[in-house]
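Enquirer: Take a look at this one; I'll ask things after.
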Amino acid sequence: MTKRYIITLMAANRVGILSAVTTALAELGANLMEVSQTVLNRFFTIILDAEFPEHRTPEVIVAHLKDFCRPYGVEVDLKDPEQEQLQEMPADEVERFFLTVTGNDEPGLIRQISARISQEGIDISDLYARRQPDLSFVMVMELSVPYGIDVLQLKNDLESLCNREGLIVTLQHENIFAATNDPRPIRLLPVKSVHAIYAE
């Protein structure tokens, strides 16, 4: 029997942190199911979904990670999905869209956009946002949009919101996003995606 946990780790970025983290996990008998890692302002951050032998308790997992990664000063937090109230719509009840925003950086922009999106009961599945050295702003959101949402109206509302700040907004279905951003020739895309592209 196995048990899955969500673990987040953070530390000042140094070469070798990921190797230390994954080595510690291997010693615990963990199997990584999903990982997201990045460096933000010189800080290493990672969140992972890992499966452990059932006898590995949360206390043992956290203690071993902290001890093994002590030279890096890693902070560790662990969550048990079975102990949390999780909200997730069935995959067959939502469509994926990608929202892209570019332009001048404006304080409060993410707050305003996320507030409008939440009004429709739309889940933000993934987010990347960054202010560039020239003070311009770029953001990409992956949205899980329930069927029945007026996507065109949402797009118009977001454009009105962002155009006031001189920002450019693009809201695309995942198939269109893939067709315009995936470097592979269309003949190499999954058949389902190709059919959906031409159905748009």
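Enquirer: Using a Gaussian network model on the chain with a 10 Å cutoff between Cα atoms, which of ASN13, ASN41, ASN104 fluctuates the most?
Expert: ASN41
Enquirer: For region 2-83, what percent of Cα pairs sit more than 16 Å apart? Before the final figure, lay out the partial values.
Expert: Details: 1498 of 3321 pairs.
Here the long-distance tail beyond 16 Å is 45 percent of all Cα pairs in region 2-83.
Enquirer: Positive end of the charge dipole of the chain (Lys, Arg +1 and Asp, Glu -1 on Cβ, about the Cα centre): tell me which of PHE98, GLN83, PRO133 has its Cα farthest that way.
Expert: Result: PRO133.
Enquirer: In which sequence would MET33, MET141, MET10 go, from the one with the fewest C-beta neighbours within 10 Å to the one with the most?
Expert: MET33, MET10, MET141
Enquirer: Would you list ILE17, ILE176 from fewest to most Cβ contacts within 10 Å? Could you put the intermediate results ahead of the total?
Expert: Working: ILE17 22, ILE176 17.
If I rank by nearby Cβ atoms, fewest first, I get ILE176, ILE17.
Enquirer: While we're here: Can you sort LEU9, LEU135, LEU158 by how many other beta carbons sit within 10 Å, fewest first?
Expert: On the way: LEU9 24, LEU135 8, LEU158 20.
Starting with the residue having the fewest Cβ neighbours, the order is LEU135, LEU158, LEU9.
Enquirer: For the chain, modelled as a GNM with alpha-carbon contacts under 10 angstrom, which of VAL39, VAL140, VAL169 fluctuates the most?
Expert: Of VAL39, VAL140, VAL169, the Gaussian network model singles out VAL39 as fluctuating most.
Enquirer: Cut-off 10 angstrom, C-alpha nodes, Gaussian network model of the chain. Which of GLU82, GLU159, GLU95 fluctuates the most?
Expert: GLU82
Enquirer: Okay, next question. Just want the answer: with Cβ charges of +1 for Lys and Arg and -1 for Asp and Glu, which residue in GLN153, GLY29, HIS173 is farthest toward the dipole's positive end in the chain?
Expert: GLY29
Enquirer: Averaging over all projection directions, find the projected area of the Cα convex hull of the chain and quote it in nm² with one decimal place.
Expert: Values: hull surface 58.0 nm².
Over all viewing directions, the chain projects a mean Cα-hull area of 14.5 nm².
Throughout, read-outs are computed from the coordinates displayed, never taken from laboratory work. Treat the numbers as computed from the prediction; the structure is a model and nothing was measured. Counting neighbours? That spans all protein chains shown, and the Cβs are built from the backbone with ideal geometry, glycine included.
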